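One structure is given below, encoded as structure tokens.
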Amino acid sequence: MSDHLITIEATPISRINRIMQLTDDILNADDWGDVLYGKTLANLFLEPSTRSRVASELAMKHLGGTVVNLIGKESTSMEKDEELRETLGTLSQYVDVIAVRADSRISSTDLELCEVPVINMGDADGTHPTQALADLYTIRSNFPKLETLNVLVMGDCKSSRAAHSFVAICLKFGMRVACYSPKDIELPYFNRTVKEGDVILDNKATAVVDGELEAAVEAADVIYCLRFQKERNASGRIYDKSATTGTNYASRCGFKEEWLGKISRTTLIMHPSPRGDEMPKKVDKDRRAAYFQQMRNGLYVKMAILEDALLPSNVEEE
Ligand code: CP
């Protein structure tokens, strides 16, 4: 049995490649079979979700397994102050795998009583490895070679768990990554103070604060847009659409309709969703918009993740 899947950083490339290969196999299969018949998934979703929750449930059912859903803290004994550690340990007495959308970062303490694999479906402002795997699969389906790609991430890199895992997986596969953000909502893991106009180089990722976007947009093979996470941002509230003062987020770091005529025919326009007004509706119909591909791939990748976690034939030395 495979391990937990909590962060991209802690997931070996061999496991990621195996999940990519399993996803290819699933997409090429005439019949998925009931390979997970007799297995049960618990969906523990403590924050709102549309894509991850539905795709997680369907992934298990498409492979013949069964699902129990615990949606919202109030549906669990966490409402009575039970800790996540205890809830995961309890669920693991009943089910074979647990998918978690957590409202705080998942720690090793949270996992210490759990006897089955835990799949992180996004933990607060931490990481979102299943989204990153769907994102990687989408990029891989559109580009034959990953190492030469220029990736531009735009927007609230501070609080977006999807961005954190996306940057990590892009770097793991040798892509060049630049993150453009307004001040106070820049990529956090550099862990240092950033002044306006600063450009920071670290581990092949570049974080740019309040930089000029046009040139970066034209040079990008992949443009990854992010919504403003108003639910997590006290210091960045000036970017909130409802703020009466400050900079409008969409005009500062949203995708501009006119860029459709400037970017290459092969540039991939990605977004982990949900999308706000940082992504003009007109882009939805452009064939370079990949966010619906990302959603569809999210289902197939989750099927692969479940197979990888539950089928003994997928166990490998790592
Ligand atoms: N991208 C993503 O995780 O979407 P949901 O929050 O709807 O699951």
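Here ALA124 clears all of (1) over 14 Å from the mean Cα position of the chain (by Cα); (2) over 22 Å from MET303 (Cβ atoms) except the condition numbered (1). Within region 7-64, can you find the residues that are of a type in the set (Asp, Glu) and within 16 Å of the ligand (Cβ to nearest atom)? Answer for region 7-64, where residues must be of a type in the set (Asp, Glu) and within 16 Å of the ligand (Cβ to nearest atom): GLU47, GLU57.
Of the residues making up region 127-144, those that are away from the ligand (no atom under 16 Å from the Cβ) and either closer than 20 Å to GLU218 by Cβ or in contact with a strand residue (DSSP E or B) (Cβ under 6 Å, 6 or more places away or on another chain) (or both) are ASN142, PHE143.
Tell me which residues, restricted to region 149-187, are aliphatic (A, V, I, L, M), in contact (Cβ under 8 Å) with a residue 60 or more places away in the chain and in a strand (DSSP E or B).
Matches in region 149-187: VAL151, LEU152, VAL153, MET154.
Looking at region 87-122, which of its residues are within 13 Å of the ligand (Cβ to nearest atom) and either free of Cβ contacts under 8 Å to residues at least 40 places away in the same chain or aliphatic (A, V, I, L, M) (or both)? Passing the criteria: ALA99, VAL100, ALA102, ILE119, MET121. Is it the case that some residue within region 126-147 is part of a loop (DSSP other than H, G, I, E, B) and on the phi > 0 side of the Ramachandran plot? There is no residue in region 126-147 that is part of a loop (DSSP other than H, G, I, E, B) and on the phi > 0 side of the Ramachandran plot. Exactly one residue out of ARG105, ARG101, ARG85 is surrounded by fewer than 19 Cβ atoms within 10 Å (Cβ to Cβ) and in contact with a Gly (Cβ under 6 Å, 6 or more places away or on another chain), and it is ARG105. Within region 273-293, the residues that satisfy the criterion of being within 16 Å of the ligand (Cβ to nearest atom), over 18 Å from GLU214 (Cβ atoms) and in contact (Cβ under 8 Å) with a residue 12 or more places away in the chain are SER273, PRO274, ARG275, GLY276, ALA289, ALA290, TYR291, GLN293. Against the conditions (1) touching a residue at least 60 places away in the same chain (Cβ under 8 Å); (2) more than 14 Å from the ligand (Cβ to nearest atom); (3) surrounded by 17 or more Cβ atoms within 10 Å (Cβ to Cβ); (4) not polar (S, T, N, Q), LEU70 satisfies every one except (1).
Report, by residue number, each residue of region 40-55 that is among the aliphatic types (A, V, I, L, M) and assigned to a helix (DSSP H, G or I). Across region 40-55, the qualifying residues are VAL54, ALA55. Number of residues in region 230-272 that are crowded, with 19+ Cβ neighbours inside 10 Å, touching a residue at least 60 places away in the same chain (Cβ under 8 Å) and within 16 Å of the ligand (Cβ to nearest atom) equals 2. The set of residues from region 116-125 being part of a loop (DSSP other than H, G, I, E, B) and acidic (Asp, Glu) comprises just one member, ASP125.
If the condition is being under 19 Å from the mean Cα position of the chain (by Cα) and basic (Lys, Arg), then region 14-48 contributes ARG15, ARG18. All conditions but one from (1) part of a helix (DSSP H, G or I); (2) in contact (Cβ under 8 Å) with a residue 60 or more places away in the chain; (3) surrounded by 12 or more Cβ atoms within 10 Å (Cβ to Cβ) apply to SER14; the one that does not is (3).
All of the numbers you see were taken from the coordinates with simple rules; none came from a lab. Treat the numbers as computed from the prediction; the structure is a model and nothing was measured. Neighbour counts run over all protein chains shown; Cβ positions are idealised from the backbone, glycine included.
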